[in-house]
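Contents: one structure, followed by commentary.
The values are calculated or read from the model by the stated rules, or taken from the named source; none is laboratory data. Not measured: the values here are computed from a predicted model. Glycine gets a Cβ as well: all are built from the backbone with ideal geometry, and neighbour counts include every protein chain shown. Ligands, DNA and RNA are stripped out before the accessible areas are found, and what is left, the full protein with its side chains, is counted by its heavy atoms. Shrake-Rupley method; radii C 1.70, N 1.55, O 1.52, S 1.80 Å.
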Amino acid sequence: MSEKFSYNKKDYSSLSKTKIGKVIRLLIDPEYRFNAKVRFGLTDSMSDEDFIKRKFKLAFGYDLNLKNSKTFNEKLNWLKLYDRNPEYTRMVDKYEVKKYVAEKIGAEYIIPLLGVYNNFDEINFDELPEQFVLKTTHDCGGLEICRDKKNFNIEEARARLNKHLKINYYWGKREWPYKNVKPRIIAEKYMQDGDNINLTVYKIFNFNGEPKMIQAIQDDKTPKETIDYFDINWNKLNLRQNFPNSPKTLPRPELLENMLDTAAKLSAGIPSVRTDLYIINNKIYFSEFTFFSDAAFTQFHPAEWDEILGSWIELPKLK
């Protein structure tokens, strides 16, 4: 009996999403059980350090070493706790970051803003074009894409975005820069690269202003999503995390060097930050900054990449 119910994450990957499947998983999967507590706010009383140590142990199976951190995920969690530059809050705010990036490298890299709203009811849809994008400014996932305003379901968008506006994203993974971001909604210009409606996202991993690796996402936020990893010379790496690699190698972007230069300028002086960019109609556009890739709780396959990337982070000295 004990062997049958021993904890092994891969044993639960195919559990049913029905209520019965969820109950079974709550009984036998401690990580799933902990995440359920997080969703209901039952871990909010935990200190950041205790929360991070607990979630790290569940995700990786070993204790987080904060005194001698070596892996990428260890060091990112160290940075969560000890590198609390208030500028990072501005950099993860999807409204404020537009001004930040424009100041650093120029407004031509910014996807045009159509409006900013404190709540959904402030949006005047008559003033918006036939195509647009709505995003919440303070979290990940609050996104509504309108490709045809006549068929855009405003009430469904209202329900989804209002749900996001009530969430403080910080509590889920203790990514502290999000804690004090003001919840708002922005409307952006709808961007399309030729006939391609699903933009490829180029996510560049930078370490003190030095780009070292690129994550390329195709069919982002669709059932066909794939993620590939490349070095800065566009050699494909034998690496994956929580999404499959693409069966085809993505062609080297013509603006690769320009993207790397852009990422270097935006990440200067920061121990570790991912700079997410688009190439749209042969122009580079900024997407967002990510300080803790996959919240620093996602395994690498093969595992040695965790230490390789970790070796690229030089942790700042504590004052």
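I want to confirm something. Restricting to the stretch 309-319 and keeping residues that are at pLDDT 95 or above and either out of contact with any strand residue (DSSP E or B) (no Cβ under 9 Å at 6 or more places or on another chain) or open to solvent by less than 40 Å² (accessible area, probe 1.4 Å) (or both), which single residue is farthest from Lys236 (Cα to Cα)?
It comes out as Pro316.
Which one of these does Leu27 not meet: (1) among the aliphatic types (A, V, I, L, M); (2) touching a Pro at 6+ places or on another chain (Cβ under 7 Å); (3) surrounded by fewer than 17 Cβ atoms within 10 Å (Cβ to Cβ)?
Result: Leu27 fails condition (2) only.
In the stretch 61-71, is there at least one residue being hydrophobic (A, V, I, L, M, F, W, C), crowded, with 16+ Cβ neighbours inside 10 Å, in contact (Cβ under 8 Å) with a residue 12 or more places away in the chain and part of a helix (DSSP H, G or I)?
no
Show the residue pairs meeting these rules: Cβ distance below 8 Å; 6+ apart or different chains; first residue within the stretch 223-241 and farther than 12 Å from Tyr202 by Cα; second residue β-branched (Val, Ile, Thr) and open to solvent by 80 Å² or more (accessible area, probe 1.4 Å).
Between residues of the stretch 223-241 that are farther than 12 Å from Tyr202 by Cα and residues that are β-branched (Val, Ile, Thr) and open to solvent by 80 Å² or more (accessible area, probe 1.4 Å), the close pairs are Lys236/Thr249.
Tell me which residues, restricted to the stretch 198-230, are on the phi > 0 side of the Ramachandran plot and of a type in the set (Asp, Glu).
Matches in the stretch 198-230: Asp219 only.
Sort out which residues of the stretch 209-225 are open to solvent by less than 40 Å² (accessible area, probe 1.4 Å) and not polar (S, T, N, Q), and write them in order of number.
Across the stretch 209-225, the qualifying residues are Gly209, Pro211, Met213, Ile214, Ala216, Ile217, Asp220, Glu225.
Residue by residue through the stretch 223-266, note down the ones that are outside any loop (DSSP other than H, G, I, E, B), out of contact with any Leu (no Cβ under 9 Å at 6 or more places or on another chain), over 26 Å from Ala303 (Cα atoms) and not aliphatic (A, V, I, L, M).
Scanning the stretch 223-266 gives Glu257, Asn258, Asp261, Lys265.
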